[in-house]
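Nothing in this text is a laboratory measurement; each read-out follows from the coordinates by a stated rule. Computed from a predicted model, the values in this text were never measured in an experiment. Using ideal geometry, Cβ is built from the backbone for each residue, glycine included, and neighbour counts are taken over all protein chains shown.
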Amino acid sequence: MKVYVYAIAKNEAAFAERWVKSMSEADGIYVLDTGSEDGTAEKLRSLGAIVEKAEIKPFRFDKARNRSLELVPQNADLCVCTDLDEVFSPGWRKAFEKAFTPGVSALRYRYVWSFTPSGEEGHIFWISKAHARHGFSWKHPVHEVVVSDRPVRSAMAEGVTLYHYPDPAKSRSNYLPLLELSVKESPDDDRNVHYLGREYMYYGRYEEAIATLKRHLSLPTALWRDERAASMRYIAACLLATGRRKEAEEWLLRAVAEAPGLREPWLDAAQYCLDNGDWYGAAHYARRALGIKERSLSYINTPEAWGALPYDILSVALYYLGDIEGAAEAVDKALEYAPDDVRLQQNKRYVLQKTVKKE
């Protein structure tokens with residue numbers, strides 16, 4: 001079985017050695033350098049990668065990735081697309097071979113997109129960027145996805161994790177115009193309309209974000225409840241940022257109703273209640289969040305929902321409700337996730353003082 005890795009790169013010489021070492025389980029490594037000025041191409045070649053240079057003007061990720069895929073030999077069985085700031089867990093090749101059984105044309109695997117400040121895994125979801133050589137291509141200027149011109153049967157590659165270690169200095173300023181272009185090209189693509197609304201929110205363009213996210217919800221293809229709930233949560237965040245608290249509350253409740261099996265909407269509702277001094281509401285929603293034990297495999301999940309925050313909110317709410325024992329138990333759970341958090345440590349001292357006085 002022939003397995004090849006392919007990638008695009010620009011000014012990533014600092015990552016080259018680590019990346020090639022991680023990808024060396026493949027039969028070959030192919031990279032399209034899109035205009036590096038730091039010796040990335042030369043460094044990769046010295047490490048054994050096959051590199052070609054080509055500037056994509058105007059730049060868009062799908063064209064660049066399709067050009068890099070063209071470099072992969074035609075006799076490849078499995079093509080694996082990664083970026084130079086990513087690293088596979090050792091043994092990924094054998095796990096891919098085991099999962100890539102006859103009839104399977106694409107593989108899904110675990111992706112750690114970010115880490116917490118303490119170094120724990122943060123944003124985790126499953127991606128599918130490993131596929132058969134023929135019939136696949138990339139689509140969309142940004143937030144590009146690999147698509148096929150034929151039916152796809154995918155399988156889970158158990159035991160494979162791809163870790164993302166991004167360069168914090170790298171700009172993402174081109175994302176917004178590329179997203180706007182993507183939506184212009186495919187106005188009914190619900191996924192990219194959702195992403196564009198989220199990007200407007202990140203830029204503080206709240207009215208545009210609200211309008212775009214509402215349009216996402218109105219699209220007939222926008223049926224995935226997890227993503228719909230995320231749009232509702234983002235609308236609420238934009239409304240809160242512009243002082244429209246009552247409207248924000250309504251959207252938070254809609255998000256909870258849309259995807260009750262996710263922690264994130266419940267946690268947003270709990271935070272809203274806490275910020276408004278509604279201790280009963282905060283405790284109720286935090287408990288509902290904590291009652292969800294299974295983390296989704298999609299990109300919608302957030303690390304905050306699976307760390308200290310729900311216990312933190314519950315602890316504060318119970319403290320003000322006079323349930324000191326419950327508050328102590330909850331803050332202890334929060335500290336298990338964030339033992340060095342100074343505010344949580346201080347909260348625990350307050351709770352202990354109350355316990356002593358009560359006794």
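Assign unit charges at the C-beta atoms only (+1 for Lys and Arg, -1 for Asp and Glu), then state the dipole size of the range 3-164 relative to its Cα centre in Debye, rounded to the nearest 20.
Dipole about the Cα centre, nearest 20: 480 debye.
Once you have the Kirkwood Rh of the chain from its Cα pairs, apply Stokes-Einstein at 25 °C and 0.890 mPa s and quote D in µm²/s. Spell out each step's value before the answer.
Values: Rh = 22.7 Å.
Translational D for this selection: 108 µm²/s.
What number, in percent, do you get for the relative contact order of the range 27-169 if the mean sequence gap of Cα pairs under 8 Å and at least 6 apart is divided by its residue count?
Values: 235 pairs, mean separation 39.6, N = 143.
Relative contact order of the range 27-169: 28 percent.
Can you give the charge dipole size of the chain about its Cα centre, rounded to the nearest 20 debye, using +1 on the beta carbon of Lys and Arg and -1 on the beta carbon of Asp and Glu? Could you put the intermediate results ahead of the total?
Values: 49 positive and 52 negative charges, 93 e Å.
So the dipole magnitude of the chain works out to roughly 440 debye.
Compare the Cα positions of T101, F61, L84 along the charge dipole of the range 14-110 (+1 at Cβ of Lys, Arg; -1 at Cβ of Asp, Glu; about the Cα centre) and return the one farthest towards the positive end.
T101
List the relative contact order of the chain as a percent without decimals, with contacts defined as Cα pairs under 8 Å and 6+ residues apart.
Values: 641 pairs, mean separation 39.2, N = 359.
For the chain, the relative contact order is 11 percent.
Can you flag which of K10/K43; K21/K43; K2/K129; K53/K139; K63/K184; K98/K170 are past 24 Å Cα-Cα? Each step should come with its number before you reach the end.
Working: K10/K43 12 Å; K21/K43 13 Å; K2/K129 16 Å; K53/K139 21 Å; K63/K184 17 Å; K98/K170 36 Å.
K98/K170, as the Cα separations exceed 24 Å there.
Can you list the aspartates and glutamates whose alpha carbon is less than 13 Å from that of K293, not counting same-chain residues fewer than 8 positions off?
Partners within reach: E264.
Could you calculate the contour length gain from A14 to L176, that is, 0.36 nm times the residue separation minus the distance between their Cα atoms, to one decimal place in nm? Display every interim value, and only then the final one.
Working: separation 162, 0.36 × 162 = 58.32 nm, distance 2.62 nm.
Separation in residues times 0.36 nm, less the Cα-Cα distance, equals 55.7 nm.
Give the angle, between 0 and 90 degrees and rounded to the nearest 10, that separates the Cα long axis of helix 206-218 from the longest principal axis of the Cα atoms of the chain.
For 206-218 against the chain, the angle is about 80 degrees.
Just subtract the alpha-carbon distance of R45 and Q353 from 0.36 nm times their residue separation and send over the number in nm, one decimal.
Values: separation 308, 0.36 × 308 = 110.88 nm, distance 6.34 nm.
In short, 104.5 nm is gained.
Relative to the longest principal Cα axis of the chain, at what angle does helix 324-337 sit, 0 to 90 degrees, rounded to 10?
Roughly 20 degrees between the two axes.
Taking 0.36 nm per intervening residue step and subtracting the Cα-Cα distance, what contour gain separates F59 from K94 on full extension? Present the calculation step by step, with values, prior to reporting the outcome.
On the way: separation 35, 0.36 × 35 = 12.60 nm, distance 3.49 nm.
Result: 9.1 nm gained on full extension.
What FRET efficiency do you get for D27 and H164 if R0 is 25 Å and r is their Cβ-Cβ distance, rounded to the nearest 0.05? Walk me through the intermediate numbers first.
Working: r = 24 Å, r/R0 = 0.96.
Computed FRET efficiency for D27 and H164: 0.55.
Kindly rank 148-157, 78-87 from highest to lowest mean number of other beta carbons found within 10 Å of each residue.
On the way: 148-157: 13.5, 78-87: 21.7.
Descending packing order for the listed peptides: 78-87, 148-157.
What angle, in degrees between 0 and 90 and rounded to the nearest 10, separates the Cα long axis of helix 263-275 from the longest principal axis of the Cα atoms of the chain?
40 degrees
In what sequence do H134, H194 fall when counting other Cβ within 10 Å, fewest first? Mind dumping the intermediate values first?
On the way: H134 12, H194 25.
So the residues, fewest neighbours to most, are H134, H194.
Would you work out which of V147, S173, Y200 lies farthest towards the positive end of the dipole of the range 125-248? Charges go on Cβ: Lys and Arg +1, Asp and Glu -1.
Y200
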